[in-house]
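Just below is one structure, and these are the notes that go with it.
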Amino acid sequence: MPRHLLILGGTTEARQLAAELVAGSATESAAGSAARGTADPGLRVTSSLAGRVAQPRLPAGEVRIGGFGGPAGLAAWLREHRVDAVVDATHPFAEGISRNAAEAAARTGVPLLALRRPGFEPVAGDHWHPVGSPAEAADALPGLGRRIMLTTGRQSLAAFAHLTGLFFLARSVDAPEPPLPPHTEILLDRGPFTLDGERAVLRAHRIDVLVTKDSGGAATAPKLTAARELGLPVVVVRRPEPPAGVPTVADVPSAVAWLAADR
Ligand code: NAP
């Protein structure tokens, strides 16, 4: 095990990993119990959050909030704080910080692991329209429906702002800032979401198209199941390519095993 681990966070998996590794922590362990013998009292765990969310869910262990100042700033932070290993457990769409982590690891020689949850998998009955970006999703929408539920996060809403003839229900943790499409209703909410809840939201707003990122986290998600049941088309924004050459695991136990292994 390293002596000081930096977890680049902002995801459920990042909090689960911190809970798994921090001695005495009993929150959000992947297995539902932190007392599984992986906690090492000699290990210092620092989680880093970007600071995008006003009231973030805080992981176990030490937490720092805010950008590092690009790859050079992150490399300096790793040296200054004597970090022995980094786990990039950021969201699969957080391209910038993952690129910076790969570059900072290469500059400093600090081992880096990416913890990246698997993407969603379509099943029979799904009507998916894969696209490469929120802008491509916006291009696809006018041919698909008129009442759109957007679950791509508040930072992507500008891509839809020119669609003046469509209604949008935009769900996000914090309120989005303009530009927004003119007919937008904001639904402030934070997961986990239930199938009953997702059905109710889609029905109550008479949604006829769902837009989502391929965030993953489970083979499917309640919103995708609800859309399938209602026969709705789903525009799925594909993941960006992760940086090349970074070892990657798909779940928390595999990340713990990587940390425990001698390198
Ligand atoms: P991004 O575009 O990849 O990163 C932009 C800049 O934000 C980075 O260059 C870095 O600034 C700072 N940053 C990002 N994540 C950071 C972290 N964990 N700790 C410290 N600084 C961080 O990031 P993003 O897509 O806006 O995502 C921001 C955070 O929200 C991430 O932690 C991610 O896990 C979480 N999140 C993102 C999404 C999504 O859809 N993108 C969804 C859920 C959660 P400096 O260059 O100054 O270091």
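If Arg206 satisfies all but one of (1) open to solvent by 60 Å² or more (accessible area, probe 1.4 Å); (2) outside any loop (DSSP other than H, G, I, E, B), what's the number of the condition it fails? Among (1) open to solvent by 60 Å² or more (accessible area, probe 1.4 Å); (2) outside any loop (DSSP other than H, G, I, E, B), the lone unmet condition for Arg206 is (2).
How many residues does the range 51-99 hold that are in a loop (DSSP other than H, G, I, E, B), out of contact with any helix residue (DSSP H, G or I) (no Cβ under 7 Å at 6 or more places or on another chain) and either without any contact (Cβ under 8 Å) to a residue 12 or more places away in the chain or not aromatic (Phe, Trp, Tyr) (or both)?
Residues flagged as in a loop (DSSP other than H, G, I, E, B), out of contact with any helix residue (DSSP H, G or I) (no Cβ under 7 Å at 6 or more places or on another chain) and either without any contact (Cβ under 8 Å) to a residue 12 or more places away in the chain or not aromatic (Phe, Trp, Tyr) (or both) within the range 51-99 amount to 17.
The residues of the range 185-203 that are open to solvent by 50 Å² or more (accessible area, probe 1.4 Å) and of a type in the set (Val, Ile, Thr), listed by number, are Ile186, Thr194. Does Val252 satisfy the condition of being in the same structural domain as Gly10 (by TED's automatic domain parsing) and touching a helix residue (DSSP H, G or I) at 6+ places or on another chain (Cβ under 9 Å)? Here the answer is yes, as Val252 does meet what is asked.
Selection over the range 82-94 of residues that are surrounded by 14 or more Cβ atoms within 10 Å (Cβ to Cβ) and more than 9 Å from the ligand (Cβ to nearest atom) gives a count of 5.
Would you call Leu150 at pLDDT 95 or above, within 30 Å of Leu6 (Cα to Cα), within 13 Å of the ligand (Cβ to nearest atom) and touching a strand residue (DSSP E or B) at 6+ places or on another chain (Cβ under 9 Å)?
Working: at pLDDT 95 or above: yes; within 30 Å of Leu6 (Cα to Cα): no; within 13 Å of the ligand (Cβ to nearest atom): yes; touching a strand residue (DSSP E or B) at 6+ places or on another chain (Cβ under 9 Å): yes.
Considered against the rule, which asks whether it is at pLDDT 95 or above, within 30 Å of Leu6 (Cα to Cα), within 13 Å of the ligand (Cβ to nearest atom) and touching a strand residue (DSSP E or B) at 6+ places or on another chain (Cβ under 9 Å), Leu150 comes out as no.
Evaluate the range 54-75: report whether one residue or more is within 13 Å of the ligand (Cβ to nearest atom), touching a Gly at 6+ places or on another chain (Cβ under 7 Å), open to solvent by 30 Å² or more (accessible area, probe 1.4 Å) and at pLDDT 95 or above. Looking through the range 54-75, at least one residue is within 13 Å of the ligand (Cβ to nearest atom), touching a Gly at 6+ places or on another chain (Cβ under 7 Å), open to solvent by 30 Å² or more (accessible area, probe 1.4 Å) and at pLDDT 95 or above. Put simply, of Pro134, Pro118 the only residue that is in contact (Cβ under 8 Å) with a residue 12 or more places away in the chain and open to solvent by 40 Å² or more (accessible area, probe 1.4 Å) is Pro118.
All of (1) modelled with pLDDT of 95 or more; (2) open to solvent by less than 50 Å² (accessible area, probe 1.4 Å); (3) in the same structural domain as Leu141 (by TED's automatic domain parsing) hold for Trp258 with one exception: (3). Note on the range 99-115: residues that are surrounded by fewer than 22 Cβ atoms within 10 Å (Cβ to Cβ) and within 11 Å of the ligand (Cβ to nearest atom) amount to 2. Just the residues that are among the hydrophobic types (A, V, I, L, M, F, W, C) and within 20 Å of the chain's Cα centre (by Cα), please, taken from the range 64-73. Correct list: Ile65, Phe68. Going through (1) surrounded by 19 or more Cβ atoms within 10 Å (Cβ to Cβ); (2) part of a loop (DSSP other than H, G, I, E, B); (3) in contact with a Leu (Cβ under 6 Å, 6 or more places away or on another chain) one by one, Ala227 falls short only on (2). Checking the stated criteria, Gly165 turns out to be away from the ligand (no atom under 15 Å from the Cβ), farther than 21 Å from Leu230 by Cβ and either open to solvent by less than 60 Å² (accessible area, probe 1.4 Å) or touching a residue at least 40 places away in the same chain (Cβ under 8 Å) (or both). Looking only at the range 185-202, residues that are of a type in the set (A, V, I, L, M, F, W, C) and in contact with a helix residue (DSSP H, G or I) (Cβ under 6 Å, 6 or more places away or on another chain) come to 3 in all.
Of the residues making up the range 71-97, those that are out of contact with any Leu (no Cβ under 8 Å at 6 or more places or on another chain) and under 24 Å from Ser215 (Cβ atoms) are Leu74, His91, Pro92, Phe93, Ala94, Glu95, Gly96.
The values are calculated or read from the model by the stated rules, or taken from the named source; none is laboratory data. Keep in mind that this is a model prediction, so the values were computed, not measured. Methodologically, a virtual Cβ is constructed for each residue, glycine included, from the backbone with ideal geometry; neighbour enumeration extends over all protein chains shown. Ligands, DNA and RNA are excluded from the accessible area calculation, which covers all protein heavy atoms including side chains. Shrake-Rupley method; radii C 1.70, N 1.55, O 1.52, S 1.80 Å.
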